[in-house]
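Working notes for the structure below.
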Amino acid sequence: MSDDHTHVQRFFGARAADWDSRFPDDGPAYEAAVARLGLREGDRVLDAGCGTGRALPPLRAAVGGSGLVVGADLTPAMLQAAVRAGRDRDGRLLLADVAALPMRTRSLDAVFAAGLVAHLPDPARNLREVARVVRPGGVLALFHPIGRAALAARQGRRITPDDLRAEPRLRALLAGSGWRMTSYVDEDARFLALAVREG
């Protein structure tokens, strides 16, 4: 396991037990972001970097009982917290790295990724791997329950022009990884970039 993975696992592992209680009001933002994916009954969707699984209930509601919901995360403690919260009833949980997803090529209709992109060690390569498992025309949602400025303020830093989630930079990153950005919203209350898997 690389140093990048060890750092991510340490960071989130130490925070897993109280993660949900630290951000108790995020549920409606997750529901609204999932709604923007346009999922249908029977769709197959991955929550990449699912953490404690907060997106799994709205994803399950969107795809129904005939759909497939998978939550993948690199940190065992986050997946354990998802199980304690009962969210494993809404989707299958996998200990997995988005850099090497244990899924067939073009097997999914959509990917939801909350807070993931900033933690990717090689964003272009990692987003190509996410694209590999999504069918052409499938959708990717890069989401955060607060916008870039609010998140930077929370973390005591300033936004710079080279911020990975800045629209021009993210648009180019996605285009180089097999995606076409279709929507970009960056407000205090949410960040949401939607992209379609190119053919």
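Figures for the structure shown
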| item | result |
| --- | --- |
| Matching residues, the stretch 61-75, being under 15 Å from the mean Cα position of the chain (by Cα), within 11 Å of Gly91 (Cβ to Cβ) and not hydrophobic (A, V, I, L, M, F, W, C) | Gly71 |
| Residue identified as touching a helix residue (DSSP H, G or I) at 6+ places or on another chain (Cβ under 7 Å) and at pLDDT below 95 among Leu56, Leu74 | Leu74 |
| Output for the stretch 115-143, where each listed residue is among the aliphatic types (A, V, I, L, M), over 10 Å from the mean Cα position of the chain (by Cα) and closer than 13 Å to Arg44 by Cα | Val133, Val134, Val139 |
| Qualifying residue in the stretch 44-67 (condition: over 28 Å from Val196 (Cβ atoms), out of contact with any strand residue (DSSP E or B) (no Cβ under 7 Å at 6 or more places or on another chain) and small (Gly, Ala, Ser)) | no |
| Given (1) under 15 Å from Gly49 (Cβ atoms); (2) modelled with pLDDT under 95; (3) not in a loop (DSSP other than H, G, I, E, B), number of the condition Leu164 does not satisfy | (3) |
| Extreme residue, modelled with the lowest pLDDT, among residues of the stretch 109-131 that are farther than 11 Å from Ala72 by Cβ and of a type in the set (A, V, I, L, M) | Ala118 |
| Test set (1) at pLDDT below 90; (2) more than 22 Å from Val8 (Cβ to Cβ) - Val134 fails condition number | (1) |
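The values are calculated or read from the model by the stated rules, or taken from the named source; none is laboratory data. Keep in mind that this is a model prediction, so the values were computed, not measured. Cβ atoms come from the backbone with ideal geometry, glycine included; neighbour counts cover every protein chain shown.
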